[in-house]
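Following: one structure in structure tokens, then a few remarks.
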Amino acid sequence: MQPLGLSIGVWVNALLTLCILSFLYKDNPFFRFAESLFAGMSLGYYIGIVTVQTLQPNLIRPLGETFFGNHNYLLLIPMALGIMLYFRYIPRISWLSRIALAVYIGYYVGVLMMQKIHGQVIPQTRDTIMPVTTGGIDALWNLVVIIGVFSVLVYFYFSVEHKGVVGKVSRVGIWFLMISFGASFGYTIMARISLLMGRFSFLVNNWIRPMFGS
Amino acid sequence: MNLKKLLYIDRRIIYLVVAIGALIPIIRPIGLPVEPTDPVIGLFDKLESLSPGDAVIISYDYGPSSEPELNPMSSAILRHCFHREIKVLIMAVFPLGGVNMAIREVERITSEFEDLEYGVDYVNLGYKDGGQAAMKALAVSIRDVFPADVDGNDISAMPIINEIRNYDDVEVVISLATGIIGEWWADLVNAQFSVPVAVGCTAVSAPKYYAFLRSGQMIAVLGGLKGASEYEELLRRNFVWARKVYSDPAEMKLAATTGMDVQAIVHVIIIVFIIFGNIMYFATGKEKGR
């Protein structure tokens, strides 16, 4: 026998799952209720988790406990920038929010530029420069990768009309793209079935079976 | 028989067939075999190569929507770490539920180990907002980014935090990720701080992560439920304790191996529908516009 609180939770969980699954038959008020509830809960959860797990330990507590120690007073700057973001809702001083936004965007553009160049462009380009004359199956796969990368790049090069040699190479690029889309689609199906299985497993093992005492 | 009717079959009939196909193995598991592959073996070998006392970060970068795929991975990896006496720092950078996934999983798995001590063998650092900003700051000081644990306790008194100060003291970062977060660990943390990164991801994200695996930016990729089931199989093949854990019917309800039965059956159904649809399409003479 499950504790009452747990069984209420399971029932709410199960009924909301059925509300969402009911969309597969057709759109209905139960689905819309569950969808709206989920959206609202998610937003509330996000606000709560950021307050408790980030603002409290990293801002409020250090300022309250030791304002001058560890140069904690410097935290007033990000705090002010964060508050300034909300000035956009006050028309008279809405321009101030742009300063905070500029700092925010500037930081993340800087981080992302390094991240993309250092972490993706360079290593992925380096990984495409591979030997194709060593013989064996590895050389063959290397050749496939090189042809794939080259032909797909040609496909996305729009400064030259895609006819003649360029057209033929870009056609090869389309084939590579189609194969990669197929692989992605296969993985997507696998992911969606996993989610379906997760819900069905919950309904069968946590909701229906306990009802019948098995 | 009117072939056109079959071609325009109501989609709800397809849903019903898929639902029945998914329910059968859940009610009566089949136990289809699973064969581990190199992308998954990479993480197993890495954890096996570590010594007791070495540290790993496990980042819970997913929410309830990815729970069926990533919880089994989390369970298997945590069990492996704790049996190897590897210290585990648990954290989350995914806002919508990551920290709750971590709390539930850690509570469940640590309850299997009597000798584990919180703050010494493992710690749950909780969620931190900021994504890449938090990841970068961990390179300087874990304590500065996470001054308190998930329950708000001061972590400076915990021995594990005095031993593991930043990425220099971490042997591998394991991100259980939905969406793009696993990619950040590779293209930011691995690229800039040379920390080995392994990603357990949802199947949707798996194809793009193989490029990172091939380029050496990740040491392992566990793709969806299949990756999780392969890790469970590796544990079963190598450890007596794992054979015991994964033969418990209650545990098997949560295991990825059981889920792979569902995958196999539903995939066959979908393949049959695709073949059937194409045959009908050609048999009816490729009707205009359909």
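What follows is calculated from the coordinates using simple rules that are stated; it is not laboratory data. Everything numeric in this text was worked out from a predicted model, so none of it was measured. Please note: Cβ atoms are built from the backbone with ideal geometry, for glycine as well, and neighbour counts cover all protein chains shown.
Okay, here's what the table says:
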| item | result |
| --- | --- |
| Antiparallel bridge percentage (DSSP; both residues within chain B; nearest 5) | 5 percent |
| Distant-in-sequence amide H partners of B:G200 (H built 1.01 Å from N, under 5 Å) | B:S175, B:L176, B:A177, B:L222 |
| Using a Förster distance of 35 Å, the FRET efficiency for A:L74-A:S214 (Cβ separation, nearest 0.05) | 0.05 |
| Least to most buried among A:K163, B:K226 (fewest other Cβ within 10 Å first) | A:K163, B:K226 |
| For chain B: rounded, prolate or oblate by the Cα gyration tensor [a/c cutoff 1.5] | prolate |
| Net charge dipole size for region A:135-214 [Lys, Arg +1 and Asp, Glu -1 on Cβ; Debye, nearest 20] | 280 debye |
| For region A:76-129: rounded, prolate or oblate by the Cα gyration tensor [a/c cutoff 1.5] | prolate |
| Amide hydrogen neighbours beyond the local backbone of B:Y122, cut-off 5 Å, H modeled | B:V88, B:E117 |
| Nearest-0.05 FRET efficiency for A:I47 and B:L32, computed from C-beta distance (R0 56 Å) | 0.80 |
| Bridge type composition, the protein assembly as shown - antiparallel percent by DSSP, nearest 5 | 5 percent |
| Reachable lysines from A:K168, criterion Cα separation under 27 angstrom, eight or more residues apart if same chain | B:K208 |
| Gyration tensor (alpha-carbon) shape descriptor, region A:1-65, a/c threshold 1.5 | oblate |
| Vicinal HN-Hα couplings computed from phi for region B:215-220 (Karplus, 6.51 cos²θ - 1.76 cosθ + 1.60; Hz; Gly/Pro x) | 7, x, 7, 10, 8, 7 |
| Relative pair counts by distance (%), Cα atoms of region A:18-108, 5 Å bins | 3, 11, 12, 13, 15, 14, 8, 7, 9, 5, 2, 1, 0 |
| Principal axis box of region B:94-152, alpha-carbon based, largest edge first, Å | 36, 25, 18 |
| A:S22 versus A:I117: modelled label distance in nm, points set 7 Å from Cα along the beta carbon direction | 5.5 nm |
